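The values are calculated or read from the model by the stated rules, or taken from the named source; none is laboratory data. Not measured: the values here are computed from a predicted model. Cβ coordinates were reconstructed from backbone atoms using ideal geometry, including for glycine residues, and neighbour counts include every protein chain displayed. Side chains are part of the model used for accessible areas, which takes the heavy atoms of the whole protein and leaves out ligands, DNA and RNA. Shrake-Rupley method; radii C 1.70, N 1.55, O 1.52, S 1.80 Å.
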Amino acid sequence: SVGLVLDPWQEWIVREILAERPDGYPAASLALMLMPRQNGKGAVLECLELYWLFVAGLDYVVHSAHLADTAAGHMGRLKGLVEGSYLADVAQVYESNGKERIVYLRTGGTLAFSTRMKGSKRGRSPQRLVLDEALYLTDEQLAAMLPGLAAQSMDAATAPQLVVASSAPLPESAVLHRWRNMALAGGSPGMLHAAWGLDEGADPADRDGWYLANPGLGIRISEEHIATMEFPVLSPEAFAAERLGIVTGADATPSELPAWAACEAADA
């Protein structure tokens, strides 16, 4: 054991992201995970990355965050999991500036950590690309990173996968809005969209809504904390975005979609 215990919802999304088609390719070539902060997205990414490196034996995995502090914090948690378990004997952690990585000594497989704050570099072709903090992801950064996965796409054993994690998109989150709107319109082949949040107009004082928007509430986040520290202190706009996962600036809403209407009709 590496001391990583997942909540039931985390187990579910990990299984969905790791699912494979009959031909061995990832069932979800693009996995989009959206939810309010501090619910446990990081633990999902940690589990995936440990699996890819030490179990699946992938050659190169990249974890990218918007800010250097976030990337360093994620690496620090993984370092603690690795060094506190049997993996310490088969892994090497490198913390030199700009070259932060964990290497599986038996295969040479590498989990590298990078930041997008100052732009993204073109480089080695990964099998898995994780985009954490995708709120501020730009098309320029995406254009620098995403084509690098193409060199792995002809072989099921190395087939690339893009995993995106974020809180609810803000008005300026152009890339994230585009992906979310695509998912709400029916998605594209190989797209997984898992999102927790409320619709605009939801009652911010409704505690049942708090639980709907936060899968970690009652497990990782206390209801009392939200009631005493967030709801009365944050601005209504900040509470809606950060804790209720309410999306602003989007071009589509679920109520506009034929698929949504069909589900309502089926339940009638």
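Points to keep in mind about this one:
- Counting charges near residue 152 (Lys, Arg +1; Asp, Glu -1) among other residues having Cβ under 11 Å from its Cβ returns a value of 0.
- Alpha-carbon centroid distance for the pair region 1-67 / region 137-179, whole angstrom: 15 Å
- Overall shape of region 116-231 was characterised from the C-alpha gyration tensor. The equivalent ellipsoid obtained from it has semi-axes of 33, 16, 15 Å, in decreasing order.
- Other residues within the sphere of radius under 13 Å centred on the Cβ of residue 190, judged by their own Cβ, net out at -2 (K and R +1, D and E -1).
- The amide H of residue 161, built 1.01 Å from its N in the peptide plane, has 128, 129 as neighbours under 5 Å, considering only residues 5 or more places off or on other chains.
- Accessible area in square angstrom per residue, the chain, 1.4 angstrom probe: 50 Å²
- To the nearest ten degrees, helix 174-184 and the longest principal axis of the Cα atoms of the chain are 70 degrees apart.
- Here, the chain is characterised by an Rg to Rh ratio of 0.97, where Rg is the alpha-carbon radius of gyration and Rh the Kirkwood radius.
- Amide H within-cut-off set for residue 192, under 5 Å, with H built and near neighbours excluded: 30, 31, 32
- Residue 165 sits among other residues whose Cβ lies under 12 Å from its own Cβ, and their net charge, with Lys and Arg +1 and Asp and Glu -1, is -2.
- Residue by residue, region 218-234 carries 3J(HN,Hα) couplings of x, 10, 10, 10, 8, 4, 4, 4, 5, 5, 9, 10, 10, 4, x, 9, 6 Hz when phi is fed to the Karplus relation 6.51 cos²θ - 1.76 cosθ + 1.60 (θ = phi - 60°); x denotes Gly or Pro.
- In summary, region 47-132 shows an alpha-carbon radius of gyration equal to 1.01 times the 2.2 N^0.38 Å reference for compact globular proteins.
- Carbon plus sulfur fraction of accessible area for region 95-209, probe 1.4 Å, in percent: 51 percent
- Net lengthening on full extension, residue 72/residue 20 (0.36 nm per residue, minus Cα-Cα): 15.7 nm
- Each stretch of four or more DSSP H residues adds -39500 (n - 2.57); spread over every residue of the chain, this sum gives -8500 deg cm²/dmol at 222 nm.
- Note, ³J(HN,Hα) from phi for region 185-190, Karplus 6.51, -1.76, 1.60, rounded to Hz, x at Gly and Pro: 8, x, x, 10, x, x
- List 107, 248, ordered by accessible area with a 1.4 Å probe, largest first: 107, 248
- When you filter the trypsin sites (Lys or Arg not before Pro) in region 60-137 for DSSP loop state and at most 14 other Cβ atoms inside 10 Å of their Cβ, you are left with 99, 106, 118, 121, 122, 124.
- Three-way shape label, region 17-160, alpha-carbon gyration tensor, a/c 1.5: rounded
- Amide H contacts of residue 25 (H built 1.01 Å from N, under 5 Å, at least 5 apart or other chain): none
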